[in-house]
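Structure first, then comments.
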Amino acid sequence: MLLGLLIYPFSTLEPQPHKVSKEEGIFTDVKRLSYQEIELKLMTIWAEVLQTSTVAVEESLFDLGGDSISAMLCITRMRAAFGVEFDIAEFFMDRPTISFFAANIFREQ
C-alpha cells in the first residue's frame, strides 16, 4: 500500500487508469526519466498497441485484451523507446504489468 502512495500521491490507494493522448511523445533520454514518466510512456505504448485510450498500471497486457501479437509489438516499441532488452517469455509466464516493466527500466537507467 505504501508503494501506491508513492506512485499516486494525489489519489486514493487504488491505481487510477490513465487516459492516453496521441500528443505524448517518445522519450529519448532515458537517463532523465522519473518512474512516473516511464510508466506514462509504457501506458502510451500499450494503449497504442491495444488501440484503447485507458490502461491501468496493475493489469497485464492479456488482462487488457492483448494477445501474443500485441505482446511482440509492445516489446519492439519498448526496446526502441527505452533501449532495454525484454524477454517475450516474461509476458507469457509472469503476466507482468506496466508497473513491473517500469521498475525494471528505472533500475536499468
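Just a few scattered comments:
- Amide hydrogen neighbours beyond the local backbone of residue 59, cut-off 5 Å, H modeled: 98
- Placing R0 at 22 angstrom, the Cβ-Cβ distance between residue 85 and residue 51 gives a FRET efficiency of 0.30 after rounding to 0.05.
- Inter-probe distance in nm under a simple model that places probes 7 Å from Cα toward Cβ, at residue 76 and residue 109: 2.6
Taken together, the values in this text are just the output of simple stated rules run on the coordinates, not laboratory data. Just so we're clear, the structure is a prediction, and the values are computed from it rather than from any experiment. No Cβ is skipped: glycine too gets one built from the backbone with ideal geometry, and neighbour counts run over all protein chains shown.
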